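To start, the structure itself, in structure tokens.
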Amino acid sequence: MIKQIQNKLEEIEKKENVKIIYAVESGSRAWGFESQDSDYDIRFIYVRPLEFYLRLDKTSEVIEWQLDNIFDINGWDIKKACQLLYKSNPTLLEWCNSPIIYRIAPEFEHFRNISKQYFIGKSGLYHYLKMAKNHYAKYGQDEQIILKKYLYILRPILCCQWILEHNTNPPVRFETLLKYYFKGDLLEIVQKLIEEKKKMTEKDLIDKIEIIDSYINAQFKILNEQVENFRDIPNNNYDEINKLFLKYIKN
């Protein structure tokens, strides 16, 4: 599969006339709880020739390459990536910290390094709490739930806890968060869910588990207040990102 992915990246470069400087896995495979039929969520950042950035007309900053049962492939232009870095976009920051890297150009290492300087805890907290609530809202009153949804709810809750405690990007791997925050029965139950998910399909249902539901509801009450009261100081200096952007498009 790695070879197929590399071939697709090369195909994108040729047909779109871009240079891909970073490509990673995102979603369940990066988080460490993919199912048997999980697709490959491939995300990339690319640079176009200099004249593209000097045009007066507005041009697309996104390449949506493929979406089917096997691959979900899309990428962002370096200009868009730099703008989102300034805003501490949580999705971009997860890409920067993905444990599964398909390609990384030497010059992109600096981008990953300075991403830590532009982290805004409040942005991450709002993002992850909203994500958890949206997933839970669909199943709150049902007796059964799609197994993966439990993990899709628990992971962002733990990401919120990490940000509140450390004010840094949370680990991408769910297992890291799980072992840091869970102990005893709850840890064992969730670890079993992860193992079960790897044997099941994306749509398989399970009966809801009381100890997990109680934990989720309790955390929502706690996090609502903590997130609203959280304060941090964003980095409002564009200089470092501007230098980075100019370096990429001039090379």
*Could you say whether any residue in region 118-128 is under 16 Å from the mean Cα position of the chain (by Cα), within 23 Å of N235 (Cα to Cα) and among the β-branched types (V, I, T)?*
yes
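Pull up region 87-138, narrow it to residues that are of a type in the set (S, T, Y) and closer than 30 Å to Q4 by Cβ, then point me to the one that is modelled with the lowest pLDDT.
Of all residues in region 87-138, those of a type in the set (S, T, Y) come to 88, 91, 98, 102, 115, 118, 123, 126, 128, 136.
Still in the running and closer than 30 Å to Q4 by Cβ: 91, 98, 102, 115.
Numbers: T91: 96, S98: 96, Y102: 97, S115: 91.
By that ranking, first place goes to S115.
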_Six or more apart or on different chains, Cβ atoms under 7 Å: show the pairs whose first residue is in region 205-217 and outside the structural domain of K138 (by TED's automatic domain parsing) and whose second is modelled with pLDDT under 95 and not aliphatic (A, V, I, L, M)._
none
*Which listed residue is farther than 24 Å from I222 by Cα and within 17 Å of the chain's Cα centre (by Cα), from I146, I101, I157, I114*: I101
*In the list K122, K138, which residue meets the criterion of being of a type in the set (K, R), under 30 Å from M200 (Cα atoms) and out of contact with any Lys or Arg (no Cβ under 6 Å at 6 or more places or on another chain)?*
K138
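The values are calculated or read from the model by the stated rules, or taken from the named source; none is laboratory data. Being a predicted model, the structure only gives us computed values, none of them experimental. Please note: Cβ atoms are built from the backbone with ideal geometry, for glycine as well, and neighbour counts cover all protein chains shown.
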